[in-house]
Each structure stands twice: as C-alpha cells, then as structure tokens.
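Each reported figure results from applying straightforward, stated rules to the coordinates on display, with no laboratory input. Predicted model only: the values in this text are computed from it and were never measured. Here Cβ is always computed from backbone atoms with ideal geometry, including for glycine, and neighbour counts include all displayed protein chains.
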Amino acid sequence: MATYREASLPTGKFVDPTPAPAHSAHPEVGATSAPLKSASFFIGAYCKDYNEDFMLCKDENSNPAHCLKEGRKVTRCAMDLITKLRENCEKEWEAHYKCLEKHNQEYYACRKPERTLNECVFSKLKLEKVIPGASNTPIHLRENTIYN
Amino acid sequence: MPVPFEALIPLGLITGFFGASGILFNKLKTSINEGQPPRYGLDRWDRVMLDRDYRLTGTQRGQSHQTSAPDGFSTNSAWTLESEHI
C-alpha cells in the first residue's frame, strides 16, 4: 500500500457511489477552520485529557480503526466547548475569527479582538491561553508589538 | 515659461492604465475570495482544512461556527483523481 500523496495535475473528483447511510455517522464538529484556529488554545486547555489520550493511543498504533473511541471523545469534547463558546462569547469569537479570515489566518494581525476574546473566555469559562515553552512574556500578552 | 501640459498627458495615461489594471485585479481577487484577500503560503494542512471548509459550508471561503456538522458532511468527501503519468 503506497503512502498517500496529493494529486498532481488533478483531473477530477471521485465520490463514493455507495456511501454509508447517514444515520450511522457519528456527530462531527461543525466549525470551520477560522473559528477552530481562534479557539485552538481554549480547546487545548479544555480537552487536554482527551487529546493526550488520543495522541498516546495513536502512538501505539497508527491504524485509524484502533483509536476510533478516543477520537469520538475528542470530537465530543470539542463540540461541548464550541457550544459553551456560542452561549457565552459568541460576538468576541466571531470578531476574532472574521479578523483572522481577512489576514491569512495569522495570529499577529489580530491581537486586539484576541485580547477581548481572551478576557471574555477567562471571565466566563475560566480558560486561559497558554503558549507552552514561552521564555519571556508570551507574545499575546506583550504591550508594544509591531503589528496590532 | 508655462508648464508643458502636453507632456503630462502620456504620464496621466500610463498612471491611469496601471491604476485601472491594479484595481481590476484587486476586485477580481476579492470577488473570488468572497470579499477577503486571498490565502497564501498554504501547506498541506491548510489545503486539507480549506477542503473541509468547502465540504462544511458549500462555498470556498465561507466560515461557520456551528457545533455539529450538517447531515451530508459524513458522506461528501472525495478523492482527487489524476491521470496516469507515463
């Protein structure tokens, strides 16, 4: 079995003609890339145990069938946090991820909406953004940066 | 000696054409990307996430912060085909 590589000079798409029935599918996270990137550090803080469980399970055996249960737990935890964010900090979250979408999803360009989001999440959900391995003041807490 | 305004006409023309093509190109890029600047420096992760966004929302750059995915999401993934390279 060859390793997967992206198609060079693609000619079309192959959609499975006999897909599995929709009722047998497990729930999947409905957030797209920008909201997920915006909430990534909070997902990391909130779902730390399940994520670590999944990574350790994958370390044992990289076969997708081996870690389905841990994967479902990770999905469920992320969906739980997304529900909480929608209830409490939806406006700040939306402002931050819309800003990210305008700037190639780079964090440096969107520090102001990020600050309001971090304050809202810390006050309502008690989650903090921590950059592991940051030596001096972490970049998201610095006052004078080039880009704001 | 008055300013030779005839010399400024080709200058104005050149500036105008540069400007017009620049504005047109900018509008083209933003219209493709739904009013946003285009994404650049994409690696495989970003390409896979962009494909997932398209499967979730149905548009190229649409974003949504729903909790759970719509019903067709589990079965609308597709393999990209390539022709045989000899």
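Observations
- The dipole here belongs to the protein assembly as shown: it is taken about the Cα centre, uses +1 on the Cβ of Lys and Arg and -1 on the Cβ of Asp and Glu, and is about 440 debye.
- Shielding by partners - mean other protein chain Cβ count within 10 Å, residues of A:29-42: 5
- Residue-count net charge about A:R86 - beta-carbon cut-off 14 Å; Lys, Arg +1, Asp, Glu -1: -2
- What the phi angles of segment A:137-148 give under the Karplus curve with 6.51, -1.76 and 1.60, with θ = phi - 60°, is a coupling list of 4, x, 4, 7, 10, 6, 7, 9, 10, 5, 9, 10 Hz, glycine and proline written as x.
- Average partner coverage of B:44-57, which counts Cβ from other chains inside 10 Å: 3
- Fewest-first ordering of A:L117, B:L28 by other beta carbons within 10 Å of each residue's beta carbon gives B:L28, A:L117.
- The GNM of chain B, with springs linking C-alpha atoms under 10 angstrom apart, assigns the highest mean-square fluctuation among B:I32, B:I23, B:I14 to B:I14.
- Rounded to the nearest Hz, the phi-derived 3J(HN,Hα) couplings of segment B:61-67 under the Karplus curve 6.51 cos²θ - 1.76 cosθ + 1.60 (θ = phi - 60°) are 10, x, 10, 8, 10, 5, 6, where x marks glycine and proline.
- 0 to 90° range, to nearest 10: angle between helix B:44-57 axis and chain B longest Cα axis: 80
- Each part reduced to its alpha carbon centroid, segment A:71-110 and segment A:1-39 end up 20 Å apart.
- Residue among A:N51, A:N88, A:N63 with the largest mean-square fluctuation in a Gaussian network model of chain A, springs linking Cα atoms under 10 Å: A:N63
- Exposure proxy order (Cβ contacts within 10 Å, fewest to most) of A:H23, A:H96, A:H66: A:H23, A:H66, A:H96
- About the centre of its Cα atoms, segment B:7-60 shows a dipole size close to 60 debye [charges on the beta carbon of Lys, Arg (+1) and Asp, Glu (-1) only; nearest 20 debye].
- Once the Cα atoms are used to define both axes, helix B:5-32 deviates from the longest principal axis of chain B by about 10 degrees.
- Among A:V15, A:N148, A:N61 - extreme Cα towards positive end, dipole of chain A, charges at beta-carbon: A:N148
- For the segment A:83-93, counting C-beta atoms of other chains within 10 Å of every residue's C-beta and taking the mean gives 1.
- Residue of B:L56, B:L42, B:L13 that the Gaussian network model of chain B assigns the largest fluctuation, springs spanning Cα pairs under 10 Å: B:L13
- Put in order of Cβ neighbour count within 10 Å, fewest first, the listed residues A:Y46, A:Y147 become A:Y147, A:Y46.
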